[in-house]
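A short worksheet on the structure shown next.
The values are calculated or read from the model by the stated rules, or taken from the named source; none is laboratory data. These numbers were taken from a predicted model, which means no experiment stands behind them. Cβ placement follows ideal geometry from the backbone for every residue including glycine, while neighbour counts extend to all protein chains displayed. Each accessible area value is taken on the protein alone, full model and side chains, heavy atoms only, with ligands, DNA and RNA left out. Shrake-Rupley method; radii C 1.70, N 1.55, O 1.52, S 1.80 Å.
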Amino acid sequence: MTKRQLITAYLAVAALTWVYLLFFDGFVYSHGNWMTQVPSSFGAAILWPIYWGVLHWLY
């Protein structure tokens, strides 16, 4: 694989992780907590190897 393909694959998995964290993780949104959940989900999605390797199983 080329470097471009690896970066594209990494970002594709990050996007899928972000969608999972926003809609399929069972988080209950209310009036104001979505403002913190969207950015924190984005941070966890960018660091998806750490999320799926450790954090997903802890929480």
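Does segment 2-9 contain any residue that is exposed (fewer than 12 other Cβ atoms within 10 Å of the Cβ) and assigned to a loop (DSSP other than H, G, I, E, B)?
yes
Which residues, counting only those in segment 10-41, are over 23 Å from Trp57 (Cβ atoms) and open to solvent by 100 Å² or more (accessible area, probe 1.4 Å)?
His31, Trp34, Met35
Would you mind stating whether Ser30 is of a type outside the set (A, V, I, L, M, F, W, C) and assigned to a helix (DSSP H, G or I)?
In short, no.
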